[in-house]
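Just so it is clear, none of the values below were taken in a lab; they were calculated from the coordinates. Being a predicted model, the structure only gives us computed values, none of them experimental. We place every Cβ from the backbone using ideal geometry, glycine too, and count neighbours over all the protein chains shown.
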Amino acid sequence: MLEFAENQSTDRVTLFVNVILPLAISRLYTYRVPFELNNVVAVGKRVVVQFGKSKLYTAVIDEITTIAPEKYEAKYLMEVLDDRPVVTSQQLDFWKWLADYYLCNTGEVMAAALPAALKLASETRIMLNPDGNFDRSLLHDKEYLIVDALDIQPILSVSDIVKLLGQKIVMPVLKSMFDKNIIHISEEVSERYKPRKRSYIKLNPLYNEADMRRELFVELERRAPKQADALLAYLKLSRNQSLVSKNDLMEESGVSAAVLKALSEKEVFIIEERNVSRLYYDEFEMGANFELSPAQSNALDEIRDHFIQKDVVLLHGVTSSGKTELYIRLVEEALHNGKQVLYLLPEIALTTHVIERLRKYFGNDIGVYHSRFSDNERVEVWQKVLNHEYKVVLGARSSVFLPFDDLGLVIVDEEHETSYKQFDPAPRYNARDAAIYLAGKYQAKVILGSATPSFESYFNARTGKYGLTELTERFGGVSLPEIEVVSIAEEIKRKVIQSHFTSVLMTDIQTALSNKEQVILFQNRRGYAPVLICRVCAFTPKCINCDVSLTYHKSSSHLHCHYCGYKEDNINVCPACGSTHLEYKGFGTEKIEDDLQVLIPDSRIARMDLDTTRARNAYQNLLNDLEEKRIDILVGTQMVAKGLDFADVTVIGIINADSLLKYPDYRANERSYQMLAQVSGRAGRRGKQGKVVIQTYNPQHRVIDQVIRNDYKDLYLTEIDERKNFKYPPFYRIINLDIKHKDADKLYQQAEYLAIELRKHFGDRVIGPEYPLVGRIRNFYIKSIMLKFEKDGVSIVKVKSVIRDIIVQFQTTPLSKGCIVQPDVDPY
Ligand code: ADP
Ligand code: ZN
Ligand code: ZN
């Protein structure tokens, strides 16, 4: 890196910057630096550049150089947006590593890494911040114009604003408006979010005068002593704090809200609603303490011992064994050593409950980062990590991208979770693996936690690459739930099954309800019925964009495609033959909910799946309702399997385990074990032993037996040989290429061509091309090529560079027209 900032004599040197653009392009682009900015440019700062005909982008400076590009004349960069770098050099290295490892472009990584508000571009959308209370009279002319325009048209693109102001460079104005909280910046039209509001009390300025105040007080003493108390309390509090919150005042004075309301009606108090900073919390109690159990203490000692030799430790602890408490101890140590901590959780597990629990110990040192945050909130977290205000980040997948510079510890809880893997778009990264790499850069330690580890991690632990620490008992001696397997076929034969509920499950549900306990039912499909079929001609409604049948959703009375979101009206008459004999096949969460409500009419049933949790707070609201016992039975998809911890949930029903046992994938058994064990782990977590009912057509299935015996190791040992024999991870690495085209014939040729090229280098390590399970999605036909590389004796770095070259070469041929090639490294 060249450093010019301090050197005045460089004023007249011609400088260039190589920048990363947030686009899927394979190279860095070079721009010329105007002389007057020579002292301003620095690696990691953002600049505004023109790319293509007229589009403006925010790019990040990767390098400063005096070398002009050879093949094109560099345009001038237009503006430097930052006073100091917002991206650290370690992050830039990390981005490059991710791009190399996952066979994508640094620009795609940048696009995923930076919050939208940090990468303004022509198409970025601007809207007024709904809770920005700014003073319009203080706006500059340009700001005023923009605000004015947004009043009329709530969403404008950056290019609209270019036209509005009649000037090309608008990013600095927008940036400053964003910093002042006037606008929102978003890549798409996102839902508005509700700010946190709190009421504050102010004294009417009239009573700032001592005489008036005395008079008022005497008056109140006489007629409304409670109100006098409130006034006194206010005066006391306002001596030490500029803002007196309604809650504080009620606590201090012991008066009710009605008293304050009366005072506000008398215009003594002015009550103001204010937005509290979205990220500041003052309602936690610090230092709540706990003692580790002997088993936990041993585990902690063991982890520390491992860390002497090893960088990564796998903590294999059964559900509810108290892994979180171990994490807390380790975080404390890291903080004590002045280090930063990254604590990863699957998105869905990042509930208020978990966040509050950790805030108790780490207070405002802890920042939270996940996709439900607005852009403003994300940028706030970004800045606070950059400024070291946050020392611990509790976050989902994308928090690996935050600007850490002194990581000491990384925790990946539920490390087996598939949601750590980003499927789409690129970078198709696994946050667990990325975090391990990131930790390595800082010599930070990593702890992976799970009750059902991924085979990759368990393999690494057993072969000594990672340390392995086990916690085999639940905290507080609570026993693991009793699991009963019920044969659906048997119950059908005996005619005791009602709808989808076996007599065993029904009895257990009834017992739980009569004990005022709660039930969770798991069905891994949403909607009402996944297939609608004409009994006369066998017609089935299909998606117009994808090769899948449409799922009937009763709540919307539409047929939905779960791949592309396409919807159409439900049908009562077969469009092919005119028959009205239409049959619903299969069943999803909606039908379970419906049927159960008929069977147990007076129970309060709720449903938790993608459809009921789209709104910003819906998921949290469902959890609150469960916690506060406004729900007796919760029916849900795998969402209910993730980290829920409720004292009164004593019965778990798995409506149909067979759908889990039939993944068309080499991981089928690993996955179904994980799912069954995780769902079961929701039962009886505190105090009471729980009961799990597994309904299945395959009661003898080996995996079910292993779940009952809680024998993960047995599962692993029976599976691992097959993995080896059939050349799968953890012995082999897999790279998939998905090839897509709107024309099936062209796709066929393209896929064949690529397979031939790949075979030239890799021989029979290339499998396919084959049609995937769903051969067409969103009007693109798909073919997949799978590549398998043995871990020993093959340089995966070289392999990837060959694959990259083949794809690039293919893309220069006319054959590749309209074709999309998507590499997926370590697919899940
Ligand atoms: P896991 O993450 O392993 O599933 P948790 O950390 O959630 O388990 O612990 C399960 C329950 O036991 C929680 O309610 C937790 O508060 C409680 N618990 C665990 N360890 C302790 C401890 N040392 N002292 C008090 N309570 C604990
Ligand atoms: Zn028909
Ligand atoms: Zn579709």
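In order along the stretch 774-785, the Karplus-derived 3J(HN,Hα) couplings, from 6.51 cos²θ - 1.76 cosθ + 1.60 at θ = phi - 60°, round to 10, x, 8, 9, 6, 6, 9, 6, 10, 10, 10, 10 Hz, and Gly and Pro are given as x.
Computed from backbone phi, the HN-Hα couplings of the stretch 389-403 come to 6, 9, 9, 10, 10, 9, x, 8, 2, 6, 6, 5, 8, 5, x Hz, rounded to whole numbers (Karplus: 6.51 cos²θ - 1.76 cosθ + 1.60, θ = phi - 60°; Gly and Pro given as x). Think of it this way: in the chain, Cys104, Cys564, Cys819 stand alone, with no other Cys Cβ under 4.7 Å.
With R₀ fixed at 41 Å, the C-beta to C-beta distance from Phe134 to Ser26 puts the FRET efficiency at about 0.45.
Can you give the percent of C-alpha pairs in the chain whose distance is more than 36 Å?
57
When the pairs Lys96/Lys724; Lys53/Lys163; Lys760/Lys783 are compared against a 27 Å limit on Cα-Cα distance, Lys96/Lys724 fall above it. Modelled this way, with points 7 Å down the Cα-to-C-beta line, the labels at Leu235 and Asp547 are 8.1 nm from one another. Between Val651 and Gln518, Ile520, Lys691, the built amide H atoms are under 5 Å apart, and every one of these is 5 or more places off in sequence or on another chain. Classify the stretch 732-825: rounded, prolate or oblate, from the alpha-carbon gyration tensor (a ≥ b ≥ c, eigenvalue square roots; a/c under 1.5 rounded; otherwise prolate if a/b is larger than b/c)? Verdict is prolate for the stretch 732-825. When the trypsin sites (Lys or Arg not before Pro) in the stretch 467-572 are filtered for DSSP coil states and for at most 15 other beta-carbon atoms within 10 Å of their beta-carbon, the remaining sites are Arg494, Lys495, Lys516, Arg535. Note on Asp595 and Glu70: with the Förster distance fixed at 56 Å, the Cβ-Cβ geometry gives a FRET efficiency of about 0.20.
Over 31 Å apart at the Cα level, from the set Lys421/Lys800; Lys691/Lys788; Lys542/Lys727; Lys542/Lys817, are Lys691/Lys788; Lys542/Lys727. For the stretch 43-103, GluC sites (Glu not before Pro) meeting the loop criterion (DSSP other than H, G, I, E, B) and having at most 10 other Cβ atoms within 10 Å: Glu70, Glu73. Show that you can apply the helix-only estimate: for the chain, add -39,500 (n - 2.57) for every DSSP H stretch of four or more residues, divide by all residues, and state [θ] at 222 nm to the nearest 500. When only DSSP H runs of four or more count, the value is -10500 deg cm²/dmol.
Which of rounded, prolate, oblate describes the stretch 534-575, given a ≥ b ≥ c as roots of the alpha-carbon gyration tensor eigenvalues and a/c under 1.5 marking rounded, otherwise prolate only if a/b is larger than b/c? Judged from the Cα gyration tensor, the stretch 534-575 comes out oblate (a/c at least 1.5, b/c at or above a/b).
Among His416, His560, the ranking by other beta carbons within 10 Å of each residue's beta carbon, starting with the fewest, stands as His560, His416.
Say R0 is 45 Å: what FRET efficiency, to the nearest 0.05, do Arg535 and Asn621 get from their beta-carbon distance? Using R0 = 45 Å, I get an efficiency of 0.65. Can you bin the stretch 324-364 into rounded, prolate or oblate? Criterion: square roots of the alpha carbon gyration tensor eigenvalues sorted a ≥ b ≥ c, rounded for a/c under 1.5, prolate for a/b above b/c, oblate for the rest. Prolate.
Counted by Cβ distance under 11 Å from Lys516, the other residues give a net charge of -2, where Lys and Arg count +1 and Asp and Glu count -1.
Applying a DSSP loop filter and a limit of 11 other Cβ atoms within 10 Å to the chymotrypsin sites (Phe, Trp or Tyr not before Pro) in the stretch 671-730 leaves Phe726. Close amide H pairs (under 5 Å, H built 1.01 Å from N) link Lys742 with Tyr781, residues at least 5 positions away or on another chain.
Placing a label point 7 Å from the Cα of Glu790 along the Cα-to-Cβ direction, the residues of the stretch 707-735 with a backbone N closer than 16 Å are 723-734.
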